[in-house]
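The block underneath contains the structure these notes are about, expressed in structure tokens.
Just so you know, all these numbers are worked out from the coordinates, no wet-lab data involved. Since we're looking at a predicted model, the values are computed, not measured. When we count neighbours, we look across all protein chains shown, and the Cβ atoms used for this are built from the backbone with ideal geometry, even at glycine.
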Amino acid sequence: MMDWLATFYPWSKSLHVIAIITWMAGLFYLPRLFVYHVEQVTPGSATDEMFQTMERRLLKAIMNPSLIAAWVFGLMLVFTPGIIDWSAVWPYAKGISVILMTWFHMWLAARRKDFVAGTNALPGRRYRMMNEFPTILMLIIVFAVIVKF
């Protein structure tokens, strides 16, 4: 029944990696845009509108489709017979990290709405600190998948 997943495995793995690369690029860049938005832009100005446009397009055109693709192709990998050793720790470490990465994505989407509403209360320093969160999760995921602890 799941034989087609085994046949499609190299493609699903390749597409998963591509989706992760684009998703991670957005997860690294959007908080950086927020830093500059908070520290350099006057609310209601033309620059404010430009930043909101950049942030919206990054989230809607790159990050959201990449998130969906990463999950779809990742789940295809999960259900491919013989790929995951469920007795090991690594699939659970990766799974928890992916859920946290998805939470971070949603947190960023909520912060973008704050900028749109003019209610952002977070300073640039907070966005700088939060920008490290996906890096930590990426390290956990990469080591879990490659080292397979």
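Cut-off under 21 Å on the C-alpha distance; same-chain residues fewer than 8 positions from Lys148 excluded. Which lysines are left, in chain and number order?
Result set, ordered by chain and number: Lys13, Lys94.
In the P(r) worked out for the range 90-149, what percent of Cα pairs fall beyond 16 Å?
On the way: 921 of 1770 pairs.
Cα-Cα pairs of the range 90-149 separated by over 16 Å account for 52 percent.
Give the residues of the range 94-128 whose amide nitrogen is closer than 15 Å to a point set 7 Å from the Cα of Glu49 in the direction of its Cβ.
Counting only backbone N, you get 116.
Order these by the 10 Å Cβ neighbour count, fewest first: Phe149, Phe79.
On the way: Phe149 9, Phe79 12.
Ordered by Cβ neighbours within 10 Å, fewest first: Phe149, Phe79.
In percent, how large is the relative contact order of the chain, given Cα pairs closer than 8 Å and 6 or more residues apart?
Values: 130 pairs, mean separation 56.7, N = 149.
Relative contact order of the chain: 38 percent.
Ranked highest first by the average count of other Cβ atoms within 10 Å around their residues, in what order do 83-91, 9-17 fall? Mind dumping the intermediate values first?
On the way: 83-91: 12.4, 9-17: 14.7.
Sorting 83-91, 9-17 by mean packing, highest first, produces 9-17, 83-91.
On a straight-distance basis, which aspartates and glutamates could pair with Lys113 in a cross-link, Cα separation under 12 angstrom, same-chain partners fewer than 8 positions away excluded?
The qualifying aspartates and glutamates are Glu55.
Let me know the Rg and Dmax you get for the chain when you use only its Cα atoms, in Å.
17.8, 58
Hey, if you put +1 on the Cβ of every Lys and Arg and -1 on every Asp and Glu Cβ in the chain, which of Ser45, Phe133, Ala110 ends up farthest toward the positive end of that dipole?
Among Ser45, Phe133, Ala110, the one farthest towards the positive end of the dipole of the chain is Ser45.
Magnitude of the Cβ-charge dipole of the range 35-149, K/R +1 and D/E -1, about the Cα centre, nearest 20 debye? Show your work: numbers first, answer last.
On the way: 11 positive and 7 negative charges, 13 e Å.
Magnitude of the dipole: close to 60 debye.
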